[in-house]
Structures are given as structure tokens and as C-alpha cells.
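Okay, so here's the structure we're looking at.
The values are calculated or read from the model by the stated rules, or taken from the named source; none is laboratory data. Because the structure is a prediction, the values reported are computed rather than measured. Every residue, glycine as well, gets a Cβ built from its backbone with ideal geometry; the counts of neighbours run over all protein chains shown. Protein only, heavy atoms only, side chains kept; ligands, DNA and RNA dropped before computing areas. Shrake-Rupley method; radii C 1.70, N 1.55, O 1.52, S 1.80 Å.
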Amino acid sequence: MAPWPEVEKPETNNYIGDSSKQNQNMAGKEGENHKGNVASLGNKGEIQPAFSTVALIDETRPEEDPWALPELQDTGVKWSELDGKGKVIRVLYGIGKFIMLLGLLYMFVCSLDILSSAFQLVGGKAAGDIFKDDSVLSNPVAGLVIGVLVTVMVQSSSTSSSIIVSMVSSTLLTVRAAIPIIMGANIGTSVTNTIVALMQAGDRNEFRRAFAGATIHDFFNWLAVFALLPVEVITGYLYHLTNVIVESFHLESGDDAPELLKVITDPFTKLIIELDKSVINAIATNDESAKNKSLVKIWCVTESNVTLQNVTIPPSENCTSPDFCWSEGNVTWTLKNITETEYISKCQHIFVNSDLPDLAIGLILLALSLLVLCSCLIMIVKLLNSVLKGQVASVIKKTINTDFPFPFTWLAGYLAMLAGAGMTFIVQSSSVFTSAITPLVGIGVISIERSYPLTLGANIGTTTTAILAALASPGSTLKYSLQIALCHFFFNVSGIILFYPIPYTRLPIRMSKTLGNTTAQYRWFAIFYLLVCFFLLPLLVFALSLAGWGVLLGVCLPFCALFIAVVVINVMQKRRPHSLPEKLQNWDFLPLWMHSLEPWDNVIMASLAFCGKHCCGFCKCCKVKAEQEGAKDNQLKTMEVYENTMAMADEERGGRRAPAVACVDKTGTNNTAL
């Protein structure tokens with residue numbers, strides 16, 4: 001029989017972590033006996049006993065707050081350790097990164113502008129047709145969802161607002177009926193930064209913060225509409241308030257409104273595409289001739305000449321004055337002012353001589369602009385991650401996120417609101433500003449609590465831009481455009497009064513964090529949320545509104561009552577569960593698919609796995625997955641406790657001899673489809 005192998009003196013790394021106090025006391029009391037026993041056992045070839053470390057493994061570690069701003073550590077060489085040449089190189093690198101960041105931001109803003117033009121080419125005429133149905137627009141709920149749909153289709157609240165102003169000035173729509181459409185346009189404009197947040201889905205925690213920072217705008221707009229639309233329908237306070245303001249001033253049309261950002265971006269975007277937005281306005285105002293016109297602008301420099309000419313008129317048409325009419329045989333002549341347009345020079349964009357239809361050009365620009373948008377955003381995030389490290393990141397985060405000392409703590413939020421309004425006024429677009437701060441929220445430079453007042457300030461800033469644009473309107477549309485712009489302004493101010501001054505009423509922060517946690521665990525839910533809130537739900541309500549008030553109320557009221565009841569029960573389950581009946585203290589009495597996303601996630605993952613197996617080379621993906629699972633198993637194996645070293649050696653040898661298990665899916669995993 002082979003002798004037992006000699007066992008060396010145990011090393012400290014045979015134990016996991018530090019010994020517990022109980023083991024230390026035992027070692028103190030029996031130190032000499034223990035050493036003697038170890039020596040004798042070693043001589044006899046017996047196995048040493050191991051201390052139990054179960055208590056160490058069972059110790060619960062404090063959970064990290066997923067919403068805490070990460071510390072961006074500077075992994076490079078410190079400035080003080082660099083020589084003269086190294087410092088010069090680092091300064092040059094910093095200047096180069098800053099110039100690159102400005103260039104990427106410029107391309108990012110230009111891609112947003114071209115994206116808006118692409119959406120107008122794809123759905124602009126359809127948006128104009130939607131506005132033609134006067135009977136539907138008189139319904140405030142239908143007007144609300146029409147405002148959402150049209151703004152999503154044209155990707156610009158200013159474009160939808162200009163359509164509304166044209167319809168009001170043409171007496172096709174009253175100002176009071178236009179107010180719900182303005183509220184819907186306020187919701188639709190927040191879809192852009194929600195799309196931008198999807199680009200950060202690669203990192204789970206970044207996506208959690210970025211999507212919450214983007215959807216905080218959505219929740220504020222939806223809550224403001226739910227609270228203020230019924231009040232406006234019943235009292236008409238926005239209409240009466242703005243009417244008093246407009247009537248109290250003697251208004252005259254002024255110069256064009258300042259377009260600070262357009263001066264920088266137009267030289268580039270006009271080389272890509274230029275649109276004739278008057279075509280959409282003409283379609284909305286029932287101009288049948290505009291349906292056959294293209295939105296693509298061909299002639300950029302034209303001149304109109306009005307001349308007095310002799311023209312023939314039908315005999316049945318009465319002359320305005322006998323002095324200007326005469327007859328020659330069966331032909332009646334009269335004098336009329338004829339406007340002739342002289343085309344001087346064509347535009348310089350790449351589609352000026354194209355024979356493609358508007359839809360094809362729009363789809364091409366949509367794909368290219370989304371590609372440039374995603375590429376710029378990814379590079380901006382990576383560049384910011386490389387720049388905002390160490391002391392620079394801490395200074396920026398303290399400057400943006402730190403509150404003033406008591407009793408002026410409340411002042412920091414309002415200053416952030418003013419900063420958001422000012423920046424939006426400079427860039428002339430709330431979508432551009434909120435889309436720009438979304439990646440900053442994702443990488444942890446701006447907190448969710450601070451992005452909320454910045455977003456509210458952006459809402460105010462875009463309305464001040466609309467007011468300035470209204471003051472520059474022609475005299476025929478000045479009153480209506482200014483009143484609609486003021487309605488937009490006071491609507492946002494009313495929403496801020498409801499959902500910001502008191503911390504308890506800042507519901508959008510809590511709602512966006514809840515949605516951020518959900519989308520971080522199930523990333524496909526972000527796309528589902530985007531489709532439902534901005535497309536499917538408005539389309540459903542619009543279709544029901546076409547059937548009349550009775551059908552709309554009969555379908556929507558039960559669902560609204562059910563939704564409110566579920567929200568109330570959820571709140572009570574968290575705050576006061578004992579006040580509810582025992583069955584309602586949780587949702588376990590319902591099927592799992594009705595109160596959990598886990599079954600839906602399994603279905604989506606299975607569908608994508610099936611698609612990948614037959615379409616995308618699933619074997620390679622499965623191999624990578626098996627390697628990842630093997631790495632996890634090896635990591636977990638190091639945490640296990642064995643009673644002797646020989647058992648550990650046998651386990652390792654057995655693990656090496658075990659055949660590799662390929663492509664075993666774990667059904668209980670929480671990994672998401674994306």
C-alpha cells in the first residue's frame with residue numbers, strides 16, 4: 001500500500017478571508033497544542049483539519065446604490081510626475097480632444113437637423129392631411145394625440161406649431177382648439193432624447209442613468225397634460241389668460257427672430273437637403289394644388305413680379321367695374337394683377353437634380369442621419385469618459401450637482417433651471433439640449449436630480465424662442481402666433497409649479513428611476529416603452545376619436561380607472577400593506593405573466609436565440625456563452641470551502657477531466673435579450 005503523501009505546513013492562503021473572532025480565540029487558547037498536533041499529524045501523513053469559513057461566506061455585503069455617481073478614476077500618470085516634454089504632449093492631447101469634441105458636437109447637432117428633415121419628407125404630407133379634419137380637431141383628446149403624432153413624425157415642435165399658427169390665421173382652427181395640440185407637441189418633442197438614450201444600452205448602469213435622464217422629460221410632459229388638460233377644457237384658463245395679454249398690447253410685426261445655432265449649422269445642412277415647409281402648411285390649409293408639390297426645395301433664389309395684364313374671363317363672371325371690362329365678339333376682357341415668379345438660381349444640396357420621390361429621399365436621409373447620430377454619440381461618450389477623469393470630473397460634478405448650504409439649498413435647482421433655459425435659447429432647440437445632456441447623465445457627470453431642473457429649464461427656453469419667433473411674424477398672423485406661443489409658455493410654467501417646488505411632488509424623478517431600473521434589467525422594454533408611448537397609444541386614441549365621443553369614453557374610461565386603481569394599490573402595497581385585504585397585499589394571486597416581465601423576457605430571449613441559430617451563426621454565440629459560463633463557474637469554485645487539501649486537488653483534477661458542456665441555457669437567468 002502506497003504511503004500517505006507528506007502534508008506541508010499550512011499556508012495562510014488556504015483560508016478564505018480573515019479568521020473569525022471565535023477562531024482567533026480558539027487559536028490563542030490552544031496555540032501550543034495545535035502546533036504540536038500539526039507537527040505530529042504531518043509526520044504521520046494524516047490530513048489536517050480546516051477551519052470553517054461558512055460564516056465568512058454568509059456575511060451579507062452592503063448593496064451598492066445603482067444611482068450613485070461613479071468615481072471616474074484617473075489611471076494615467078500624474079501631472080507632477082511628468083517631465084517637460086510629457087506635460088507639453090498632455091496639453092496638446094487635451095487641446096486635440098477638445099477640438100474633436102466640438103467637431104463631434106457639431107456633427108451631432110447637424111445630424112439631428114437632417115433627421116428632422118428626413119422625418120418631414122417621410123411623413124410631412126401625412127401630417128398635413130391629419131390636420132385637415134376639423135371635426136376631429138375639435139375633440140381635445142384627439143387634438144392632444146394628433147399633436148404627439150405630428151411632432152413625432154416631423155421631429156420638430158416648431159414645425160408643428162407653425163402649422164397650427166397657419167391654420168388658426170386661416171380661420172380653419174380656433175385658438176382654444178389649438179391648445180391641446182400644443183400640449184401634444186410638447187410631449188412629442190421629447191422623443192428625440194429618448195432615442196438618443198438607446199445608444200448607451202451597451203453598459204447596464206450607464207443605460208439605467210441615461211434612459212432615466214431622458215424619460216424624466218417624458219414623464220413631466222405626460223403628468224402636466226393629465227393634470228392641466230381637464231382644467232383647460234373646463235375653465236379655458238390658458239386661453240383667457242393669453243387673450244388678455246395679447247389684447248392689452250398694440251402689437252406690430254418685427255424683424256426675424258434670432259437663430260444663433262442655425263448660423264453655424266445651415267452652411268453644412270443646406271449642402272445635404274433643403275425643404276420647402278410651406279407645402280405642409282398649404283396641405284393643412286386645404287390647398288389641393290400643394291399635394292402634388294415636392295417638399296424638396298429646388299430654387300433657392302426667386303423673384304416675384306406683379307404686372308397688370310389683359311386677361312379673358314368667362315361670360316358668366318361679373319366684372320368688378322365696367323370701366324375695366326370690354327367685349328370683343330364672344331370674348332370678355334378685363335385687367336388683372338398677375339404674379340409671375342422668376343427663378344434665378346437653384347439650391348446647392350445634393351438632391352437638387354434628383355428624380356427620386358420624397359419618400360425615397362427621406363428614407364435615405366433617415367438611415368444616414370441615424371448612422372451619423374449613433375456614431376457621434378458613441379464617440380462623444382468615449383471621449384468624455386477619457387477626458388472627465390480624476391480631479392477634472394470631481395470639479396465638474398461638484399459644480400453641477402452640489403447644493404447650496406442651508407437655508408439656500410432650494411436655490412441650486414432654480415439656478416439649474418435658468419441655465420437650462422439659457423442654453424436652450426442659445427441652441428434654439430430643447431431637443432438638442434436634452435439630447436446633449438443625456439450622455440452626461442449616463443456616464444455619471446450629471447445626477448438625475450440635477451437633470452430634472454435642467455430639463456424643465458429647456459422647456460421654458462424653447463417657449464421663449466417661440467415667443468420671439470411669433471413677434472417676428474407678419475401682421476396677419478402676429479396675434480394668433482403670439483397667443484399660441486404664450487399658451488405653450490404658461491402651460492410649461494403651470495407644470496413646473498405643480499411638479500417641482502415641493503420635493504414630494506417631484507414625481508417624474510421617482511417614475512424615471514423606476515423605469516430606468518426596469519430597462520436596465522430588461523433592455524428590450526425601452527423599445528417597447530418608446531413604441532407604446534409615442535406611436536401605438538396615440539394611434540389607438542386617434543382611431544377611437546374618429547368613431548366619436550361615445551366610443552372614445554366607453555373604451556378609455558374603464559382602462560383609465562383600472563390604471564389608477566393599479567397605481568393606488570401598488571403605492572399602498574409599499575407604504576401601508578396592512579390596510580389592504582390579505583389577497584391584495586401582493587400580486588401573487590395573478591398569473592406570473594401579468595405581474596412580472598420575466599416570462600416575457602424568456603419568450604423574447606428564446607425568439608432571438610431561435611433567430612440567431614438559423615440566421616446569425618448561433619454556434620459562435622453559443623461558444624462564447626459557454627466560455628463565459630465556464631469562467632463564472634471557475635470564479636464560484638474559488639469561493640467554495642473544502643475540509644482538506646486532498647479533496648480540493650481531487651476536485652480540480654476531476655474538473656479538468658470532465659467533458660465540456662456546450663450550449664446549456666439557464667432558464668432562470670435574468671440576462672436580457674439585448
>> Just to be sure I understand, how many residues within segment 578-598 are surrounded by fewer than 12 Cβ atoms within 10 Å (Cβ to Cβ), in contact with a Phe, Trp or Tyr (Cβ under 7 Å, 6 or more places away or on another chain) and of a type outside the set (D, E, K, R)?
In response: 0
>> I'd like to check something: does segment 236-247 contain any residue that is at pLDDT 85 or above and crowded, with 24+ Cβ neighbours inside 10 Å?
In response: yes
> Can we say residue 424 is out of contact with any helix residue (DSSP H, G or I) (no Cβ under 8 Å at 6 or more places or on another chain) and in a helix (DSSP H, G or I)?
Replying inline: no
> In segment 397-451, which residues are modelled with pLDDT of 85 or more and charged (D, E, K, R)?
Replying inline: 449, 450
> Is segment 443-450 home to any residue that is surrounded by fewer than 22 Cβ atoms within 10 Å (Cβ to Cβ), touching a residue at least 12 places away in the same chain (Cβ under 8 Å) and under 25 Å from residue 244 (Cβ atoms)?
Replying inline: no
>> Need the failing condition index for residue 97 against (1) over 30 Å from residue 514 (Cβ atoms); (2) surrounded by fewer than 12 Cβ atoms within 10 Å (Cβ to Cβ); (3) at pLDDT 70 or above, just the number.
In response: (2)
>> Return the residues of segment 267-300 that are outside any loop (DSSP other than H, G, I, E, B) and basic (Lys, Arg); say none if nothing qualifies.
In response: 291
>> Every residue in segment 346-385 that is of a type in the set (Asp, Glu) and surrounded by 15 or more Cβ atoms within 10 Å (Cβ to Cβ), please.
In response: 358
> Could we say that residue 231 is free of Cβ contacts under 8 Å to residues at least 24 places away in the same chain, out of contact with any Phe, Trp or Tyr (no Cβ under 7 Å at 6 or more places or on another chain) and of a type in the set (A, V, I, L, M) here?
Replying inline: no
> How do the pairs read when you match residues in segment 587-615 that are of a type in the set (D, E, K, R) with residues anywhere that are open to solvent by less than 50 Å² (accessible area, probe 1.4 Å), using Cβ under 8 Å and keeping only pairs 6 or more apart or on different chains?
Replying inline: 601/522; 601/524; 601/672; 601/673
> Among the residues of segment 158-175, is there at least one that is β-branched (Val, Ile, Thr), at pLDDT 85 or above and buried (at least 24 other Cβ atoms within 10 Å of the Cβ)?
Replying inline: no
